[in-house]
1. Looking at the stretch 45-69, which of the residues that are in contact with a helix residue (DSSP H, G or I) (Cβ under 9 Å, 6 or more places away or on another chain) and not in a helix (DSSP H, G or I) is least open to solvent (accessible area, probe 1.4 Å)?
2. Checking Gln128 against (1) open to solvent by 100 Å² or more (accessible area, probe 1.4 Å); (2) within 36 Å of the chain's Cα centre (by Cα); (3) at pLDDT below 95, which test does it fail?
Amino acid sequence: MVKVEIVEEKDPQSSGNSPYASSSSSRHSSQESISSISSELSAEENLYDRISALVDIVPPTTRHNISTKFSSAASFVRISGKVIGNIVWIVTTSALLVGLPLALSLEDEAKIVAQEREMIAQQQGAQQMLSPGSAYPPPPGSNQAPQKGIVPPGF
């Protein structure tokens, strides 16, 4: 069978420093004292205090490994961001210096080709009007003699 004893601290000053210590005259239930301590600590502590308290828990070698991995990851992100930024800069300036004049010249060339096609179409239309087998009469100042062939009634 297990025997439970209450061990009193011999140094009265160290018992006052501990949040879990209780004096022999004020013994309450353990649940009540822990809840009062946790409410006091949560009001005073913030996240930074809790993380900084982990320094005592994590061994120095592990802290050093975490620190070096974090700093190497941060430097990798910084360097890769710089490289990607330079690549984007090169692509955009190249597109502006080469692509924009090329696009403008291609657009001008397309306009010229369209004008040439329109002029050819106009010339072909005029030739069809003036051709001898045309259904339209020749203009009044032309040298061509009127066509002798089938003439509909009334003309």
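The values are calculated or read from the model by the stated rules, or taken from the named source; none is laboratory data. Here the structure is a predicted model, which means the values were calculated and not measured. Quick reminder, even Gly has a Cβ in these numbers, built from the backbone with ideal geometry, and neighbours come from all protein chains shown. The area values use the complete protein model at the heavy-atom level, side chains included, leaving out ligands, DNA and RNA. Shrake-Rupley method; radii C 1.70, N 1.55, O 1.52, S 1.80 Å.
1. Val58
2. (2)
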